[in-house]
Amino acid sequence: MHTRSTLFALTTLASALLTACGGGGGGSEAVKTSLSGTVADGYLTGATVCLDINGSGVCDSGEPSAITTAGGKYTLTGITAGDEGKHPIVVSVPATAIDSDNPGGTVGKAYFLSSPAGKGGFVSPLTTLVQQKVAAGASVEAAEGAVKALLSISDNTVSLFSDYVAAQGTAVQTDATAAGRYARAHEAARVVAASLQAGYEAIQSDADAKAVHKVLLAQAEDALTIQKATAADSTNPSFSTAGVVAADSPNALKKMLAFEKGAAAAATQAVSIDFDVTAGGQPVACGVALTGLGTQATSGQVKDLRFYISNVLLIDAQGRQVPVTLDENANQSRDVALIDFEDATGKCPTSTGTAATHTAITGKVAPGSYVGVTMTLGVPVRSADADKLPLNHSDTTAATTPALLSSGAMAWSWQSGRKFSKIEFVPDAPITRPSGTTTTWNVHLGSTGCKGDPTKGVVTACTNPNRMDFSFAAFNAGTQKIVLDLAELFRYSNLAYDGGGAAGCMSGSTDPECPGIFQALQIDLASGLPINGGAAQKVFAVRAK
């Protein structure tokens, strides 16, 4: 609960007499007040709290601020009386902050919190969701009701502005008691905090903090929706934080942020980016013999060669990343492109392939001069536009699903997801397995450990997103192309042997063939997140046309 303490300027008797006599002069000091409260996921120590007087969404110089102490306590002083109820509270949680849910350990990754004006007594991830809805025009009451609905809490005696840590005591997450419902609120707050942490680092440097908050909090709501829908017992909703990653890849977040800031409307300059495939200098196509691949210099042919590219941004000389809005056609939609090199000849079967190919991305970008490019191998969770259409996990038969995502050959078994890559290689000799042999070494990249059901309209998130971000600081679309090198993709792989599980690597974290493929793609196999933005990857390279 917050407290106010009013400080009055004192005048001396002599000055009062002078004023009464018409002598002296001067004015009175503004009345000041203070504001106290608590900040939590668990109680947070070492976080910066401020009164967001200018509405920027961050703590700016000159705004009343304080650092939280033990128990998440803070006190803001020097506030002009009346302002404490006019402006929201903003909290910057650094990576070094301590969370009482993890005694002695730091939170590890920075994030932010907030709470509506007049509601600074208890600030948490849940009040942050409420504030986002208030900022969009909702009343505090309506906003709180909407967030409580996400948590399946209908009890009017339970407030999201109450200290759920203290109120839950030792209760478990049940509807049996108010304490149990507060315990559920606390667990939901952990889900939101984890979602904010997962994506904040990638876009926190952007000057438009409000747009950053909107993008990340929308994904945090998705995480809560998934947790609610996949609760083990629908009569006793449970919000386990285990593994769910609500944030997309850093490039996807940058694309969403650019859209929020209106970048798509400025895209009028045509751009075309060509792709090609080689194998250590050898041209690659269906029916073409390849040699010297993998750790055993294996020979063979490709059987399939398709992959999705998304989140294309061009880089200008100042390092700004500007989104490319892709043209809409059979192979491009919602800023996702299906790059297709298979043509149903040679060992590329007509049963799953097509004669048509698609080897260039076309679109538009804001007018300017660009020196580099960044993009993602994979399909985003949602489109970056205002529709926020489900993409990676969507019903292939739905009318809203783009044609390029309706291909059965690119379908993925994980909750109606997509294969980000369908690269298949057939060695000249059969592939040895612990028991028997097989003919095809597959690289099927896709998200795994997924929750949700898109066929029932439930959003989906996955423990391992497995999207590959990569960029080139020097790239000229007019004179250069982007080349996928199969020799680099298979550099750490024995294409003559398969140690078990799915044939080749199908993104399983325990599949013995996946460590080498993920090393080449620079994706962390344990988390499914890009390693340093893919800076060390060599699978994709820039070559002259």
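Below, the figures for the structure above:
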{"quantity": "Theoretical ellipticity at 222 nm over the chain - DSSP helices of four or more residues, -39500 (n - 2.57) apiece, nearest 500", "calculated": "-6000 deg cm²/dmol"}
{"quantity": "Relative contact order of the stretch 369-518, defined on C-alpha pairs under 8 angstrom at six or more residues apart (%)", "calculated": "25"}
{"quantity": "CYS50, CYS59, reordered so the largest accessible area comes first (probe 1.4 Å)", "calculated": "CYS59, CYS50"}
{"quantity": "Kyte-Doolittle mean at least -0.5 and Cα axial length at least 27 Å: DSSP H helices in the chain", "calculated": "178-203, 209-229"}
{"quantity": "Percentage relative contact order, the chain, counting C-alpha pairs under 8 Å, at least six apart", "calculated": "10"}
{"quantity": "Rg/Rg_ref, the chain, where Rg_ref = 2.2 N^0.38 Å and atoms are Cα", "calculated": "1.15"}
{"quantity": "Cα centroid of the stretch 122-183 to Cα centroid of the stretch 492-545, whole Å", "calculated": "42"}
{"quantity": "Accessible surface, per residue, of the chain when the full set of protein chains is kept, probe 1.4 Å, Å²", "calculated": "41"}
{"quantity": "Accessible area of the chain belonging to carbon and sulfur atoms, whole % at 1.4 Å probe", "calculated": "54"}
{"quantity": "Calculated FRET efficiency for the pair ALA355/LYS210, C-beta based, R₀ 56 Å, to 0.05", "calculated": "0.70"}
{"quantity": "Listed pairs LYS210/LYS451; LYS119/LYS261; LYS86/LYS133; LYS214/LYS254; LYS254/LYS481; LYS73/LYS148 exceeding 18 Å between Cα atoms", "calculated": "LYS210/LYS451; LYS119/LYS261; LYS254/LYS481; LYS73/LYS148"}
{"quantity": "Which of THR38, THR295 is most accessible, then next, and so on - probe 1.4 Å", "calculated": "THR295, THR38"}
{"quantity": "Local electrostatic count, THR325, Cβ distance below 12 Å [Lys/Arg +1, Asp/Glu -1]", "calculated": "-1"}
{"quantity": "Vicinal HN-Hα couplings computed from phi for the stretch 503-510 (Karplus, 6.51 cos²θ - 1.76 cosθ + 1.60; Hz; Gly/Pro x)", "calculated": "5, x, 10, 10, 6, x, 5, 10"}
{"quantity": "Net charge, THR106 excluded, C-beta distance under 13 Å - Lys, Arg +1, Asp, Glu -1", "calculated": "-2"}
{"quantity": "Long-range amide H partners of LEU389 with built H, under 5 Å", "calculated": "SER383"}
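The values are calculated or read from the model by the stated rules, or taken from the named source; none is laboratory data. As the structure is a prediction and not an experimental result, all values here were calculated from the model. Every residue, glycine among them, receives a Cβ derived from its backbone with ideal geometry; neighbour counts consider all protein chains shown. To get the accessible areas, we keep the full protein, side chains included, count just its heavy atoms, and leave off ligands, DNA and RNA. Shrake-Rupley method; radii C 1.70, N 1.55, O 1.52, S 1.80 Å.
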